[in-house]
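Have a look at the structure below before the remarks.
The values are calculated or read from the model by the stated rules, or taken from the named source; none is laboratory data. The structure presented is a predicted model; accordingly, all values stated were derived computationally and were not measured. Heads up, the Cβs are rebuilt from the backbone with ideal geometry, glycines too, and the neighbour counts pull from every protein chain shown.
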Amino acid sequence: MSLANATTTTDSDAIAREVSRSRRNRTLVWGTFLVLAATPAVSLDAALGAPLFTTTVLAIMATAFYAKVLRYKGRIPKDEGSGFSLSGDIASVSSEKATIPTVVGYKVGPNHWFIRRSFLTFDCFHARNIVWAYERRVRHMLYGIVPLYSEYHLLLKLNSGREITKRYSKGNVGVAMNFVQNTAPWAVFGYSKELDEVWRKRRDAFLAGVNERRRAFVLA
């Protein structure tokens, strides 16, 4: 077996474990809720003289949620970031080392995988999938006249069309942007109406330009 195939197999196993862990934990949480809610639901039905109404609603909710759990596969990239070890970055993130940076709510491993791993979720994408990043300031006004406060957001657009966004303080949004610029220097940075129009109406052209820039960075 070639080294590339071995890496792919290892990454696939790591992804399968993470998805299985997330699915198992979601089932555990929902199952615990059902056990705790079953007795009050039956009691409420008896008190209201509406046999099994609340219990039936609870059962329907349980079935719908569990069907969602069974379908859950995480946001797993298929052909994204190939050649970069995801399993190694999962191990680094799982160790919760203080040196692992966190950007837009994702921990970034040494192989530049952005990984969000919690008790109930698993999500990831690679830096090479970032095609556009910009800051957005949202001003909140009282009656549209008196300024109250501002929110600062960092938005990442991925080549799949996904948008990742995170709210930051005024000082930290620039730090996060600098990290993204150093990690994915081929991406487009900054917002303009012209860029937004190209993204919405001619996305293939937008992605083609970014891919050309990325190839130039690889060859440099």
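Say whether the condition of being among the polar types (S, T, N, Q), in contact with a strand residue (DSSP E or B) (Cβ under 7 Å, 6 or more places away or on another chain) and either exposed (fewer than 15 other Cβ atoms within 10 Å of the Cβ) or at pLDDT below 95 (or both) is met by at least one residue in the range 136-151.
At the first step, the residues of the range 136-151 found to be among the polar types (S, T, N, Q) are 150.
Adding the requirement that they be in contact with a strand residue (DSSP E or B) (Cβ under 7 Å, 6 or more places away or on another chain) leaves 150.
Adding the requirement that they be either exposed (fewer than 15 other Cβ atoms within 10 Å of the Cβ) or at pLDDT below 95 (or both) leaves 150.
Yes, because at least one residue in the range 136-151 is among the polar types (S, T, N, Q), in contact with a strand residue (DSSP E or B) (Cβ under 7 Å, 6 or more places away or on another chain) and either exposed (fewer than 15 other Cβ atoms within 10 Å of the Cβ) or at pLDDT below 95 (or both).
Among the residues of the range 16-49, which ones are modelled with pLDDT of 75 or more and of a type in the set (A, V, I, L, M)?
Ala16, Val19, Leu28, Val29
Inside the range 163-185, can you point out the residues that are free of Cβ contacts under 8 Å to residues at least 40 places away in the same chain, of a type outside the set (Gly, Ala, Ser) and out of contact with any Asp or Glu (no Cβ under 9 Å at 6 or more places or on another chain)?
Let us first name the residues in the range 163-185 that are free of Cβ contacts under 8 Å to residues at least 40 places away in the same chain, namely 163, 167-175, 178, 182, 185.
Still in the list and also of a type outside the set (Gly, Ala, Ser): 163, 167-168, 170, 172-173, 175, 178, 182, 185.
Hits for the range 163-185 are Glu163, Lys170, Asn172, Val175, Asn178, Asn182, Pro185.
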